[in-house]
């Protein structure tokens, strides 16, 4: 009679051991074969497998990006987003449909591990990933001088506004002010208007008359819309208009000038004020509309892509939208 529980225990232990061996056998398969086996599962079950196994998260993300069509990728992203309300610590990558722990990737701008490099050069010939070009903010805040804004940061801010603080970053994450090493005062403030994230960046600098272009190229360049690029022959006309506007303002032909990007919803406003001693105070205000969450194309995608040449959508006053 005393042997019966022992037999039961041994049988249970043996069964548990077999279950463990079955799972280990599955994971012992080569990556290509394991991916093919898991690919037969429905999308929702693939997502469950991703959440339960770190190797499958990386494997499915890697192969899915290389083999899946755009339509299949969109389906996977939609399925993954359905799980986000129940898993605030996870974020969906729109490039590979991978669900990943976003808080672990602070150093890379909360980007997905599928990005091999934090910053992708606009001149890169690698077409395996979208050419996302992070925006930059320069200000004295949180012991760092430069905050690189990624599309994932924008996604996390909008998600936190929608579901709560546990789901992303607070809106105040983008609020900074201070003087940089050149003595230029910078201030940044973000607001959500009609479900769209609009960021206001203001720079103010005082200089000798005639130095306006040099100061702008040295200290304002990183703040400009990525479509305003001196090196690009396609977009060079925008830069030409920009520098001409600075020269006109310095000469007193205009006191105020607005330049609207033709490829994304970004407004650049220039103000020039003459001061004593033949000096000029130049104020640059930039309004960027990063759009709504889950929206593809203009304006949020275009803001991060300096290579797109699509025509800008709606022409509207971003300052009025920001102040509404």
Between residue 162 and residue 320, Cβ-based FRET efficiency (R0 22 Å, step 0.05) works out to 0.35
What is the fewest-to-most order of 76, 207 by other Cβ atoms lying within 10 Å of their Cβ? 207, 76
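Treat the count of other C-beta atoms within 10 Å as a stand-in for reagent exposure and order 209, 97, 285, 201 from fewest to most.
Values: 209 14, 97 28, 285 18, 201 25.
Sorted ascending by nearby Cβ count, the order is 209, 285, 201, 97.
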Cβ density ranking, 10 Å radius, fewest first, applied to 180, 317 yields 317, 180
Return the distance in nm (one decimal) between the two label points of a simple spin-label model at residue 192 and residue 40, each offset 7 Å from Cα along Cα→Cβ. 4.4
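Could I get the Rg over Rh figure for segment 172-229? Both from C-alpha atoms, Rh via Kirkwood, rounded to two places. Please list the in-between numbers first.
Details: Rg = 13.5 Å, Rh = 13.0 Å.
That ratio equals 1.04.
Throughout, read-outs are computed from the coordinates displayed, never taken from laboratory work. Predicted model, so just to flag it, every value in this text is computed and none were measured. Methodologically, a virtual Cβ is constructed for each residue, glycine included, from the backbone with ideal geometry; neighbour enumeration extends over all protein chains shown.
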